[in-house]
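Let me begin by presenting the structure, written as structure tokens, before commenting on it.
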Ligand SMILES: [Zn+2]
Ligand SMILES: [Zn+2]
């Protein structure tokens, strides 16, 4: 006999699945898989299924971060919000440039202007202020702190964490980091290599385009909404446009603290 399934529940965490390769389509891909953690009684349960097979409340919870655009053609994701635009990519491609008045062009928001690709370099040069000194200082401080840690490769780091957490299977937040850093009972995971940290230690001396590039290593990480610009370009050797900085700027994060033992 089939167990009666709950009509509502709580989505605790999205863990992955190919659904998230393309979550912005107007009609969600019902055959794509989703892996997530939901509340179950006092504990939690990991669910892995095709999107179309999930209960309605869970489908809605998964789609909540991707609301429909006002144009009704596509959903809006973090990538559309990152520069403060907030509508879908189809709308973005049909805007008018505030600088050259070109119509139906793809725009980026720079300052409070909508700027087309032709004008973007010029506007960035003219209006780009240096990053606030707290941000610059924080990036250097964090780089130094991580460089003062013991360094572990991805495999070594995961073995150490398995021992500390006494689990053969690490929770998703702790596994799969490219680099681990350990000091005084704290373990951090990071997408940034020691070589990258040595460069970031000199962040305050950089300016202009090099500083923007280094800032993108930090701000566009492997976390939610990020493409992991550093890994894509520096490790995998792909060519990618430098992503815009988050707007508003938040505290930079060079690594995630995983355990404090
Ligand atoms: Zn739209
Ligand atoms: Zn323009």
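Which of the helices (runs of 4 or more DSSP H) found entirely inside the range 78-169 contain at least 2 residues meeting this: closer than 22 Å to residue 241 by Cβ and within 16 Å of ligand 2 (Cβ to nearest atom)? Lay out the reasoning, then the answer.
Working: elements: 78-81, 89-92, 117-127, 133-147, 154-165.
So the answer is 117-127.
Within the group 123, 136, which residue is surrounded by 18 or more Cβ atoms within 10 Å (Cβ to Cβ), more than 30 Å from residue 15 (Cα to Cα) and touching a strand residue (DSSP E or B) at 6+ places or on another chain (Cβ under 8 Å)?
Values: 136 fails: touching a strand residue (DSSP E or B) at 6+ places or on another chain (Cβ under 8 Å).
Among 123, 136, only 123 is surrounded by 18 or more Cβ atoms within 10 Å (Cβ to Cβ), more than 30 Å from residue 15 (Cα to Cα) and touching a strand residue (DSSP E or B) at 6+ places or on another chain (Cβ under 8 Å).
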* Structure fact -> Selection from the range 220-239 of residues without any contact (Cβ under 8 Å) to a residue 24 or more places away in the chain, exposed (fewer than 13 other Cβ atoms within 10 Å of the Cβ) and in contact with a helix residue (DSSP H, G or I) (Cβ under 8 Å, 6 or more places away or on another chain) yields 238, 239
* From (1) in a loop (DSSP other than H, G, I, E, B); (2) under 22 Å from residue 155 (Cα atoms); (3) at pLDDT below 95, pick out the condition that doesn't hold for residue 232. => (1)
* Kindly provide the set of residues from the range 88-104 that are surrounded by 17 or more Cβ atoms within 10 Å (Cβ to Cβ), within 15 Å of ligand 1 (Cβ to nearest atom) and free of Cβ contacts under 8 Å to residues at least 60 places away in the same chain, ordered by number. => 91, 92, 95
* Selection from the range 28-48 of residues that are surrounded by fewer than 17 Cβ atoms within 10 Å (Cβ to Cβ) and in a loop (DSSP other than H, G, I, E, B) -> 29, 30, 31, 41, 42
* To do: Please enumerate the residues belonging to the range 49-76 that are more than 8 Å from ligand 1 (Cβ to nearest atom), outside any helix (DSSP H, G or I) and either closer than 13 Å to residue 26 by Cβ or in contact with a strand residue (DSSP E or B) (Cβ under 9 Å, 6 or more places away or on another chain) (or both).
  => 49, 50, 54, 64, 65, 66, 67, 68, 75
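The values are calculated or read from the model by the stated rules, or taken from the named source; none is laboratory data. The structure presented is a predicted model; accordingly, all values stated were derived computationally and were not measured. FYI the Cβ positions are ideal-geometry reconstructions off the backbone, even for glycines, and counts take in every protein chain you see.
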